Amino acid sequence: MRLGTSSPLSHDSVQEWAAKQKELGCRSLVFPLNCEADDALIDEYAKEARANDLLIAEVGIWRNAMSLDPDERQRNRDYTVAQLKLADRLGARCAVNVTGAFGPVWEGGYKANFTPEARKEIVKMIREVIDRAEVSNTYFTVEPMPWMVPTGPEDYLKLIEEVDREHFAVHMDIINMTNSAERYFEAEAFIDRCASLLGDRIRSCHIKDIHLKQEYTIQMAECAPGEGEYPLRYYVEKMNAIDKDMPVILEHLNTDEEYIKYMTYLKEILNGI
């Protein structure tokens, strides 16, 4: 596996950016620029990543391609296509978004997210994005969410079959799919199921942790690695068995200091993988 983070860390030059990533122990990363950046600067970051054996795991999108506002929806789909083209230009493992929410919050949970009509629109959107981008060096992926298609491996596999596009693949976020007592308490069995069903379709993984609160009703909170109870080493071992170069990306921290602290923890518990 190739451990990395979603943070570019504070830096004043492209060379400092790469040096800090390597010093932290990163072997993969999220590309720090988007499609609106200067072409020459994009090329400079990409060249420095290659020179330092920093695999570009993901190009992030993070906009609602299913927005209820038609103008916003079109802008977000155009941006999604442009980001996927950027990923293809970079040879990134994937470009990643969520499927989208049918409500005012871009990644929010709504009953409308799960209607048959919504699913048809999601499939149509994914096909449109891939067909417009015409990629050959990367894959479009969607991050699973607790309250948005796909919520689990079976649902993801079904979505792959429905989309029926060669360049649609899997982004793995095991914590986002831990949305029930069964998946929390039987985490190893759930990890096995994800690995078995999705296997070599997985292009990149996120890593974080989850904590079960002792409150009614069941409440689970995302947290930094080691602050929860998830079997993170088991998870990474399974992803590494699928692909020795599998990106495992630490995310959702707030400061450079936090990334340094929790990357140090991950390197300790994942030693030898």
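The values are calculated or read from the model by the stated rules, or taken from the named source; none is laboratory data. Quantities reported herein were computed from a predicted structural model and do not represent experimental measurements. We place every Cβ from the backbone using ideal geometry, glycine too, and count neighbours over all the protein chains shown. For the accessible areas, the whole protein counts, side chains as well, though only heavy atoms, and no ligand, DNA or RNA atoms are used. Shrake-Rupley method; radii C 1.70, N 1.55, O 1.52, S 1.80 Å.
For Cα pairs less than 8 Å apart in space and 6+ apart in sequence, what is the mean separation divided by the residue count of the range 46-174, i.e. the relative contact order in percent?
Details: 221 pairs, mean separation 32.0, N = 129.
With pairs under 8 Å counted, the relative contact order is 25 percent.
Using the crude model of +1 on Lys and Arg Cβ and -1 on Asp and Glu Cβ, and no other charge, please compute the dipole size for the chain relative to its Cα centre, in debye to 20.
Values: 32 positive and 48 negative charges, 88 e Å.
Here the size comes out at about 420 debye.
How many angstrom lie between the Cα centre of the range 217-259 and the Cα centre of the range 172-195?
12
Would you calculate a helix-derived [θ] at 222 nm for the chain, using -39,500 (n - 2.57) for each DSSP H run of n ≥ 4 and dividing by the full residue count, to the nearest 500? Numbers along the way, then the final one.
Details: 9 runs with 116 residues, N = 273.
Using -39500 (n - 2.57) per qualifying helix, the result is -13500 deg cm²/dmol.
Please state the relative contact order of the range 212-273 as a whole percent: Cα pairs under 8 Å, 6+ residues apart?
Details: 28 pairs, mean separation 20.8, N = 62.
RCO, the range 212-273: 33 percent.
Express in nm, to one decimal, how much length is gained between Leu68 and Val105 on full extension, taking 0.36 nm for each residue of separation and deducting their alpha carbon distance. Walk me through the intermediate numbers first.
On the way: separation 37, 0.36 × 37 = 13.32 nm, distance 1.03 nm.
Full-extension gain reported as 12.3 nm.
How much of Cys223 can a 1.4 Å solvent probe reach, expressed as accessible area in Å² and rounded to 10?
30
Tell me, in nm to one decimal, what length is gained between Ala51 and Phe114 on full extension, where the rule is 0.36 nm per residue of separation less the Cα-Cα distance? Mind dumping the intermediate values first?
Numbers: separation 63, 0.36 × 63 = 22.68 nm, distance 4.43 nm.
Length gained, Ala51 through Phe114: 18.2 nm.
Using a Förster radius of 25 Å, what is the FRET efficiency between Leu33 and Glu222 based on their Cβ-Cβ separation? Nearest 0.05, please.
On the way: r = 26 Å, r/R0 = 1.05.
E(calc), rounded to 0.05, equals 0.45.
What's the center-to-center distance, using Cα atoms, between the range 84-112 and the range 13-75 in Å?
Their Cα centres are 15 Å away from one another.
Grab the other residues whose beta carbon is less than 13 angstrom from that of Leu250, score K and R as +1, D and E as -1, and report the net.
Numbers: positive: Arg2, Arg27, Lys208, Lys261, Lys267; negative: Glu58, Asp173, Asp209, Glu222, Glu227, Glu251, Asp256, Glu258.
Its environment carries a net charge of -3.
Measuring from a point 7 Å past the Cα of Asp256 along Cα-to-C-beta, which residues in the range 21-40 have an amide N at less than 16 Å?
Inside the label zone: 21-26.
Just to confirm a number: summing +1 for Lys and Arg and -1 for Asp and Glu over residues other than Cys94 whose beta-carbon lies under 14 angstrom from that of Cys94, what do you get?
On the way: positive: Arg2, Lys85, Arg89, Arg93, Arg165, Arg201, Arg203; negative: Glu58, Asp88, Glu143, Glu166, Asp173, Asp200, Asp243, Asp245.
With Lys, Arg at +1 and Asp, Glu at -1, the neighbours total -1.
For labels at Thr264 and Ser10 in the simple 7 Å Cα→Cβ model, what's the distance in nm?
Using points 7 Å along Cα→Cβ, the separation is 1.8 nm.
Quick one: what are the phi-derived ³J(HN,Hα) couplings along the range 194-206, Karplus 6.51/-1.76/1.60 with θ = phi - 60°, whole Hz, x for glycine and proline?
Karplus-based 3J(HN,Hα) across the range 194-206 equals 4, 5, 5, 7, 9, x, 6, 7, 6, 9, 7, 10, 9 Hz.
In the range 186-273, which GluC sites (Glu not before Pro) are in a loop and have at most 13 other Cβ atoms within 10 Å, using DSSP for the loop call? Don't skip to the end; give the middle numbers.
Numbers: sites: Glu186, Glu188, Glu215, Glu222, Glu227, Glu229, Glu237, Glu251, Glu257, Glu258, Glu268; in loops: Glu186, Glu215, Glu227, Glu229, Glu251.
Counting only loop positions with at most 13 other Cβ atoms within 10 Å, the GluC sites (Glu not before Pro) in the range 186-273 are Glu186, Glu215.
Got the relative contact order for the chain handy, in percent, Cα pairs under 8 Å and 6 or more residues apart? It would help to have the intermediate numbers written out before the result.
On the way: 499 pairs, mean separation 52.5, N = 273.
RCO, the chain: 19 percent.
Would you kindly state how much longer the chain becomes between Leu212 and Ser196 on full extension, computed as 0.36 nm times their sequence separation minus their alpha carbon distance, in nm to one decimal? Numbers along the way, then the final one.
Values: separation 16, 0.36 × 16 = 5.76 nm, distance 2.59 nm.
Value of the extension gain: 3.2 nm.
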